[in-house]
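S.K.: Dropping a structure here in structure tokens format, bear with me for questions.
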Amino acid sequence: MFEMETVLVSIAIVFFPLLLLCLRWVNDRWHLVRAGNESDGGKMPPGSMGWPVIGELLDFLWCFKFTRRPDDFIAKRKARYGDTGVYRTHLFGYPTIVTSSPELNKRVLGSLTEEGYFSTGWPSTQLLGSSAVVSVDGSAHKRLRRHLMEAFNSPKALRALLATAQPMFISTFEDWVSKKRIVAYEETKAVMFRNICDMLVSFKSKTLLDSMEVLYRGLMAGLRSMTINIPGTAFHHALKCRKKLTDILLEEVRERNEKGSQKQDFLQILIDSTDENGQKMSETQVVENIVSLILGGYESTSNVLTWALFYLAKYPEVLEKLKHETSLIAAKTSGDGFLTMEDIRAMEYTPKVADELIRLANISPFIFRRVAKDNVVVNGYKFPKNWKVIIWIRSIHVDSTYYQDPLAFNPDRWGESKPKVGTYTVFGHGPRYCPGNNFARLTVIMFLYHVCLNYRWELLNPDSGMAFQPHPKPRDGAQMYFSRAM
Ligand code: HEM
């Protein structure tokens, strides 16, 4: 009897792994057959569709969450299948093609998106709204972008940014001084949320902003979850949060339209802007786009601010150079101590620090697209219609092929030589290039200026390591002592 059991266990030990391998093989074949045969010109990219239903999610989590070596995800595929820069996989519930080389990423984000081969691929337009800039394609997208670019680049908007952000940063720093000990990740998020809401919609009430931030966190959690709309799921909760946010903003738009009130903010620019036919945006379009702008802008920028405090504490020689430039500019600024655009244009080192921080913060690991046409073949590889495309940008920004000593915080690398084409895509590329990039850069520059001028800080856990989910951040959230400089 005992021997029989041993034999069965041995058989199970041998056959179970074989069974699992078979399951993966069948799953792979099933997806390949559904994707169509290879007779239409392209071969399927190398890779694996992983396990049924979950695909290669476990490997993704292994790299991002457990080993905290996110770049291994691509490195492993390179080692296993060759440096093709394109792989098939199944991630976040979808059959997917991953692109990872600078040339291919640039083509997919640029000319191929422009020509309509790839459409927007955000996991859920239900949460973002069907008329938001991130949800629309083609001519509707071009039209909306014109409105947004006008809003972002107008002198009115830049003036508003300078006027709003600087007093807010200074009062925030004073608040941190009184707290003495802060978690920078949480604090920078809170100040950026207030800053962006003030800039975009002129909301100042603390009670309103606090409740909106809670709603935004709910919305964000839904965007990162599976799209299962049943009570209790993050997605279901996020839909409710979006509805409440939409109601708050719709009420504001209606009030302005009824009272004819004019405020100096993005919302007003969007309400007033007209397209080439004199057509205004609808209330829904205005609101859905403001929701997306706040979403796109606040956590991304606040993350860079956290990294600013973190890296400057760890690299005192960079901080010294920055302080030197800061004091030179301060000696020339007008009486109120606030920077003007001229002051910012006169800076040399601070913008390099900002660019280096944005590179190292590496906030967007990848960008989503969807294959929008039949028979799309790129570099000899088939991109099956309706598959997701993940343009993997993060690994390129920390690749020693393109950046010498890539993990070092070295603002001087942004000297004369520009990065090779396709190797600095932190803000994306092509028709969907981040419209908020100047806004983000200016915000980081203003933050650096005021924090270096009058304050000092010390990390509690300088070697705490990094976490990569949902965004790269110091594992302890960058806990620090914060005080006024003597
Ligand atoms: C350091 C900060 C930021 C980073 C790293 C960043 C990154 C990006 C990236 C990679 C994209 C391209 C997405 C794609 O191609 O699908 C993007 C698009 C976008 N970003 Fe940013 N962003 C930042 C700040 C901001 C700010 C401050 C705003 C607004 C206030 C903003 C609003 C948007 C919007 C609306 C889009 C969608 C554009 C479109 O689909 O046409 N971003 N951003």
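Only the coordinates and a few stated rules stand behind these numbers; no lab work does. None of the values given here were measured: they were computed from a predicted structure. Please note: Cβ atoms are built from the backbone with ideal geometry, for glycine as well, and neighbour counts cover all protein chains shown.
S.K.: I need to check one value: relative contact order of the chain, counting alpha carbon pairs closer than 8 Å and at least 6 residues apart, in percent.
M.R.: Worked out over the chain, it gives 23 percent.
S.K.: OK, next. Report the dimensions of the range 357-486 along its three principal axes from the alpha-carbon atoms, largest first, rounded to Å.
M.R.: 66, 34, 29
S.K.: Okay, moving on. Please rank Arg413, Arg107, Arg369, Arg34, fewest neighbouring Cβ atoms within 10 Å first, as an exposure proxy. Mind showing how you got there, number by number?
M.R.: Details: Arg413 17, Arg107 21, Arg369 24, Arg34 10.
Neighbour counts put them in this order, fewest first: Arg34, Arg413, Arg107, Arg369.
S.K.: Same structure again: Can you flag which of Lys204/Lys420; Lys204/Lys280; Lys78/Lys240 are past 32 Å Cα-Cα?
M.R.: Lys204/Lys420; Lys78/Lys240
S.K.: How many angstrom lie between the Cα centre of the range 4-31 and the Cα centre of the range 398-422?
M.R.: 47
S.K.: Next up: Kindly provide log₁₀ I(q)/I(0) values, in the same order as q = 0.16, 0.26 Å⁻¹, from the Debye equation applied to equal alpha-carbon scatterers of the range 18-95.
M.R.: The Cα Debye sum returns log10 ratios of -0.64, -1.31.
S.K.: Suppose we take every Cα in the range 250-293 and form the convex hull; what volume per residue is that in Å³?
M.R.: Measuring per residue, one finds 73 Å³ for the Cα hull of the range 250-293.
S.K.: Also, I was wondering about something else. Across the range 292-413, how large is the tail of the calculated P(r) beyond 17 Å, expressed as a percent of all Cα pairs?
M.R.: 70
S.K.: Determine the distance separating the Cα centre of the range 290-324 from the Cα centre of the range 197-247; give it in Å without decimals.
M.R.: Each part's Cα centre sits 24 Å from the other's.
S.K.: What percentages make up the Cα-Cα pair-distance distribution of the range 157-209 when the bins are 10 Å wide from 0?
M.R.: 24, 53, 22, 2
S.K.: In Å and whole numbers, how far do the C-alpha atoms of the range 62-205 stretch along each principal axis, longest first?
M.R.: Taking the Cα atoms of the range 62-205, the three principal extents are 54, 43, 29 Å.
S.K.: Report the calculated FRET efficiency for Ser261 and Ile329 (r = Cβ-Cβ distance, R0 = 41 Å), to the nearest 0.05.
M.R.: Approximately 0.65, to the nearest 0.05.
S.K.: Still on this structure, I have one more. Going Cα to Cα from Lys243, which lysines come in below 18 Å? Please leave out same-chain ones fewer than 8 positions away.
M.R.: none
S.K.: Starting from 0 in steps of 10 Å, tell me what percent of the Cα-Cα pairs of the range 419-486 lands in each bin.
M.R.: 16, 27, 39, 16, 2
S.K.: Could I ask something else about it? Which of the listed residues, Ser178, Asn195, Phe427, is farthest toward the dipole's positive end in the chain, when Lys, Arg count +1 and Asp, Glu count -1 at the beta-carbon?
M.R.: Result: Phe427, furthest along the dipole toward the positive end.
S.K.: Report the Stokes-Einstein translational diffusion coefficient (µm² s⁻¹, integer) for the chain, Rh taken as the Kirkwood radius over Cα pairs, at 37 °C with viscosity 0.692 mPa s.
M.R.: Once the numbers are plugged in, D ends up at 134 µm²/s.
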